[in-house]
Amino acid sequence: EVQKHSVHTLVFRSLKRTHDMFVADNAKPIPLDEESHKVKMAVKLRTEYGSVLHMPTLKENLREKGGPNTGDPYGQKQYSGNQGQELEYMITGTHPYPPGPGVALTADTKVQRMPSESAAQSLAVALPASQSRVDANRTAAGVGDIYRHAGISERSQPPGMSVAMVEAGGNKNSALMAKKAPTMPKPQWHPPWKLYRVISGHLGWVRCIAVEPGNQWFVTGSADRTIKIWDLASGKLKLSLTGHISTVRGVIVSARSPYLFSCGEDKQVKCWDLEYNKVIRHYHGHLSAVYGLDLHPTIDVLVTCSRDSTARIWDVRTKASVHTLSGHTNAVATVKCQAAEPQIITGSHDTTIRLWDLVAGKTRVTLTNHKKSVRAVVLHPRHYTFASGSPDNIKQWKFPDGNFIQNLSGHNAIINTLAVNSDGVLVSGADNGTMHLWDWRTGYNFQRVHAAVQPGSLDSESGIFACVFDQSESRLLTAEADKTIKVYKEDDTATEETHPVSWKPEIIKRKRF
């Protein structure tokens, strides 16, 4: 049975409960333990101000303060590490500071003491060895300079500047240098390239191009299934080779033997003897179209890459498949060889670049920075570096581990081909017919070219599939979708005055991805 109470009793009980709830000291802080607070402050001082605790102050400062430990309940005497030392420490400097730990810095609490002449000298003597003067020309700032610069806030400096230069006796203290944000170095000047010859003769897209080591002629492969050899000086056709039954996607001329190698979308890899102009070897094994090939510079090895997601290493003489380089998950678009490690580099439509161990036939490094297909890779002829081209960016890398160097942004198109010469001119050719020329070291884009298509072609047939420098590096040849080969040369009349570098020392923004 529920006992009934009057309204007065119920209200009184409710008031009592409320009173008990708010009167309780549950939320009140625990009383401060003096000993533990001293230990805490001592540790905090040592960790946060340990680098300046060795600096002495003179007796005059102690007399002004009224003796040791005045106003400093957590003085140095309480540190076990400083016991036995008679010096008391007090901060002297050009900025106000609070009188103790945990005290807010206000107009009423701030303390500011300027160092005297003798104090400044003793302070300079007390600096640790790592901060001592290295150069005899460097001079410490005098007390007059300290007073003159007193009150100047570091925040008044412009962004990117760490410390203002302090003038001492007319000399600038080189120990206090202004830090600047990194800027792009001035690019090397390169003369612009101009179109001076258009060679026609193919009946389909010209997909690949290579210059022979003697620099007398060059070879092209086309969608018309033929391979044509042209005289480099005159641009006239010397020879046509037939044998492929589909588009020829790669050609290369051997420097070690009189052989020409070609590959195509018919899955075939052929070796042509240029003394007889006949195919003497076939390399069978790829399961789909072969997109590119390269020869090893020092050993008789041929490397091909294919739409079957593999690259294959072939013994040139025996036609044996030495290794099948598996790992890519989509078509392998480009392959390059070099004598140094890593000896094989592949770029794929799976957006990755792989550096391979030739002996083991396995991947050394996989580079995943690109977000879109990597259709072009080029090795610098002198530096131990390489570049890769993709619709998102051109990226430069360091061998042997593929460390990222920088992005070359601005060629917003599907980049089919890259070429670089010893002067540091990097050329990127794109699917829309544009060609950009870059300074290799700085990534500065010094020229953009969009050559007109040959008469009778559609504007949509503007596209660059391959480009290469000749052996003298004075000519640039491009293989294009309008069925022509275009030849460019440097403009001999151009000077740095007539074609200045429109470059600004802007702050570098190098993105990793």
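So the values come out like this:
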read-out: Qualifying residue in segment 429-442 (condition: under 15 Å from the mean Cα position of the chain (by Cα) and open to solvent by less than 30 Å² (accessible area, probe 1.4 Å)); value: yes
read-out: Wholly enclosed strands (runs of 3 or more DSSP E) of segment 340-426 bearing at least 3 residues buried (at least 20 other Cβ atoms within 10 Å of the Cβ); value: 344-348, 353-357, 376-379, 385-389, 394-398, 415-420
read-out: Lone unmet requirement of (1) open to solvent by 50 Å² or more (accessible area, probe 1.4 Å); (2) of a type outside the set (S, T, N, Q); (3) at positive phi for E496; value: (3)
read-out: Close pairs (6 angstrom Cβ cut-off, 6 or more residues apart or separate chains): under 14 Å from V253 (Cα atoms) in segment 279-295, part of a loop (DSSP other than H, G, I, E, B) and of a type in the set (G, A, S) anywhere; value: V279/G243; L295/S254
read-out: Subset of segment 219-252 (residues that are among the acidic types (D, E) and either surrounded by fewer than 18 Cβ atoms within 10 Å (Cβ to Cβ) or part of a strand (DSSP E or B) (or both)); value: D231
read-out: Tally of residues being in a strand (DSSP E or B) and surrounded by 19 or more Cβ atoms within 10 Å (Cβ to Cβ) across segment 443-453; value: 2
read-out: Qualifying positions in segment 454-480 - farther than 26 Å from N215 by Cβ and surrounded by 11 or more Cβ atoms within 10 Å (Cβ to Cβ); value: S457, S460, E461, S462, G463
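The values are calculated or read from the model by the stated rules, or taken from the named source; none is laboratory data. Bear in mind the structure is a predicted one, so any value in this text is a computation, not a measurement. With ideal geometry, Cβ positions are generated from the backbone for all residues, glycine too; neighbour counts draw on all protein chains shown. Accessible surface areas use protein heavy atoms only, side chains included; no ligands, DNA or RNA. Shrake-Rupley method; radii C 1.70, N 1.55, O 1.52, S 1.80 Å.
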